[in-house]
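Encoded as structure tokens, the structure appears first; notes follow it.
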Amino acid sequence: THFLLCTKNSSQSNMSDNQPKSTNIHWHDGNITRDERWNNLNTKGCTIWFTGLSASGKSTIACALEQVLCAKKKMCYRLDGDNVRFGLNKNLGFSPEDRKENIRRIGEVAKLFADSGMITLTSFISPYNADRDAARQVHEDNGLQFFEVFVNTPIEECEKRDPKGLYKKAREGVIKGFTGIDAPYEAPENPSLILLPAEHSVDECCQQVVELLEQNNFFNNDNNNNDN
């Protein structure tokens with residue numbers, strides 16, 4: 001089985017370097033600060049960015065984690081790779097350029113959600129290191145925490161699962177530019193967490209992410225100490 005795994009960045013542009021196309025625009029600050037919002041709502045925002053091959057388990061884990069966080073009364077919201085293509089990104093395909101723009105938009109949306117105080121769960125293949133790094137950068141430039149979680153499922157297991165039949169179509173040549181088959185996936189170089197769904201249950205994977213959040217003070221009884 002052939003798996004296109006790259007370690008070299010295929011996409012070099014940094015989203016944070018892009019300047020708005022619009023002219024004569026000015027940033028309008030609100031009447032409350034982020035700390036005031038978070039303290040009054042007793043919340044703390046961040047982005048958990050799940051990345052991995054198709055059928056690796058990203059969305060399944062994100063859905064289960066959303067349930068866990070809601071049960072713990074934590075503000076959270078899930079942004080799913082397929083779902084956003086029905087609306088926000090419905091004008092994008094799967095060319096390298098469109099993939100880049102897809103992740104740029106989601107990076108910006110996730111930043112806004114995190115700024116609002118949401119624990120934002122994003123599940124996107126996001127195959128290029130440069131694009132994920134740029135999503136991280138727009139968070140860090142705004143003083144927001146960004147946790148890259150590599151859902152590391154072997155391609156053999158992903159193909160065995162193949163819930164949408166996409167690998168079969170890619171192998172048959174029906175789908176072109178499919179990540180892991182004839183398009184590259186660049187594994188994270190320094191992720192915040194590596195999950196192994198082929199070895200651990202969904203619940204166990206969720207618990208590992210919960211522990212990551214605990215280590216970063218997201219489950220304090222009083223979130224008024226919003227240290228980043």
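The values are calculated or read from the model by the stated rules, or taken from the named source; none is laboratory data. As the structure is a prediction and not an experimental result, all values here were calculated from the model. Note: ideal-geometry Cβ built from the backbone for every residue, glycine included; neighbour counts use all protein chains shown. Remember, those area values only see protein heavy atoms, side chains included, never the ligands or the DNA or RNA. Shrake-Rupley method; radii C 1.70, N 1.55, O 1.52, S 1.80 Å.
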*Most fluctuating residue of Val209, Val138, Val84 in a GNM of the chain with Cα springs under 10 Å: which is it?*
Val84
*Could you do me a favour and compute the accessible area per residue for the chain, 1.4 Å probe, result in Å²?*
53 Å²
*Pop the C-beta distance of Glu172 and Cys70 into the FRET formula with R0 = 35 Å and round what comes out to the nearest 0.05.*
0.30
*May I have the convex hull volume per residue, in Å³, for the Cα set of segment 49-102?*
93 Å³
*Out of all DSSP beta bridges with both ends in the chain, state the antiparallel percent to the nearest 5.*
0 percent
*For segment 98-228, give the magnitude of the charge dipole about the Cα centre (Cβ charges: +1 Lys/Arg, -1 Asp/Glu; no others), in debye to the nearest 20.*
740 debye
_Given the C-alpha atoms of segment 145-228, compute the convex hull and give its volume per residue in Å³._
127 Å³
*Helix-derived mean residue ellipticity, 222 nm - over the chain, DSSP H n ≥ 4, -39500 (n - 2.57), to 500*: -11000 deg cm²/dmol
*State to the nearest 20 debye the size of the charge dipole of the chain about its Cα centre, where the only charges are +1 on K and R beta carbons and -1 on D and E beta carbons.*
740 debye
*asked:* Past 28 Å, Cα to Cα: identify those pairs from Lys74/Lys111; Lys21/Lys100; Lys111/Lys176; Lys72/Lys111; Lys100/Lys164, in the order given.
replied: Lys111/Lys176
_Which residues among segment 33-54 fall inside the zone where the amide N is under 13 Å from a point 7 Å beyond the Cα of Ser116, along Cα→Cβ?_
45-46
*Would you be so kind as to identify which of Phe124, Ala134, Ala114 lies farthest towards the positive end of the dipole of segment 98-142, taking Lys and Arg as +1 and Asp and Glu as -1 on Cβ and the Cα centre as origin?*
Phe124
*Evaluate the charge dipole of segment 70-174 about its Cα centre and quote only its size in Debye, nearest 20, assuming +1 on the Cβ of each Lys and Arg and -1 on the Cβ of each Asp and Glu.*
440 debye
*Cα principal axis extents for segment 179-219, largest first, Å*: 42, 22, 11
*Which percent of the accessible area of the chain is formed by carbon and sulfur heavy atoms (probe 1.4 angstrom)?*
48 percent
*Could you please report the charge total around Val210, scoring K, R as +1 and D, E as -1 over all other residues with beta-carbon less than 13 angstrom from its beta-carbon?*
-3
*asked:* Given R₀ = 30 Å, what would the calculated FRET efficiency be for Leu196 paired with Asn216, taking r from the Cβ atoms and rounding to 0.05?
replied: 0.90
